[in-house]
1. Going by the conditions given, is Leu44 modelled with pLDDT of 95 or more and farther than 28 Å from Asp80 by Cα?
2. I'm told Ala90 meets every condition in (1) open to solvent by less than 60 Å² (accessible area, probe 1.4 Å); (2) under 17 Å from the mean Cα position of the chain (by Cα); (3) modelled with pLDDT under 75 except one. Can you identify the failing condition by its number?
3. Against the conditions (1) outside any helix (DSSP H, G or I); (2) touching a residue at least 12 places away in the same chain (Cβ under 8 Å), where does Gly98 fall short? Just the number, please.
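The values are calculated or read from the model by the stated rules, or taken from the named source; none is laboratory data. These figures come from a predicted structure and were not determined experimentally. All Cβ positions, glycine included, derive from the backbone under ideal geometry; neighbour counts span all protein chains shown. The area values use the complete protein model at the heavy-atom level, side chains included, leaving out ligands, DNA and RNA. Shrake-Rupley method; radii C 1.70, N 1.55, O 1.52, S 1.80 Å.
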Amino acid sequence: MQCESDQPSVWLKFKASGLLFDGNKAVVMAVDDITEMKQAEAALQESERCFRHMFMNAPMPYQSLDEQGNFIEVNQSFLDVLGYTANVIAHNGVLDEGVNFIQKPFSLHDLGIKVRRVLDEK
């Protein structure tokens, strides 16, 4: 719950439990100030947004790998420099059916052969 006022925002978490006390119904209530936690969450989200922006728009090729060396994410520079498509990366080197690919570097002769092969398949 966020309380609205002219004062800075304060986030509160309310917990309540019903119980019997000397035969009478009672409510026990606790209130926690979670403002610092909410501010930390917002700061972390902003930091992640900034890092993602820098990662994706960096002029140098970057990739993120898991412990087994599989791609988690790459930036556009990685794709441009190495000549891969996002499709290849997303499927750990296995192209979707119907997607044609020629690896860089390639000569005009290699390109011509690949184009002819693709056209002949159709």
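1. Values: modelled with pLDDT of 95 or more: yes; farther than 28 Å from Asp80 by Cα: yes.
The answer is yes for Leu44.
2. The one condition Ala90 does not meet is (1).
3. Result: Gly98 passes all but (2).
Results for (1) part of a loop (DSSP other than H, G, I, E, B); (2) surrounded by fewer than 10 Cβ atoms within 10 Å (Cβ to Cβ); (3) at pLDDT 90 or above, shown as yes or no for each residue.
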{"position": "Pro8", "(1), (2), (3)": "yes, yes, no"}
{"position": "Phe14", "(1), (2), (3)": "no, yes, yes"}
{"position": "Lys25", "(1), (2), (3)": "no, yes, yes"}
{"position": "Val31", "(1), (2), (3)": "no, no, yes"}
{"position": "Gln39", "(1), (2), (3)": "no, no, yes"}
{"position": "Arg52", "(1), (2), (3)": "no, no, yes"}
{"position": "Met60", "(1), (2), (3)": "yes, yes, yes"}
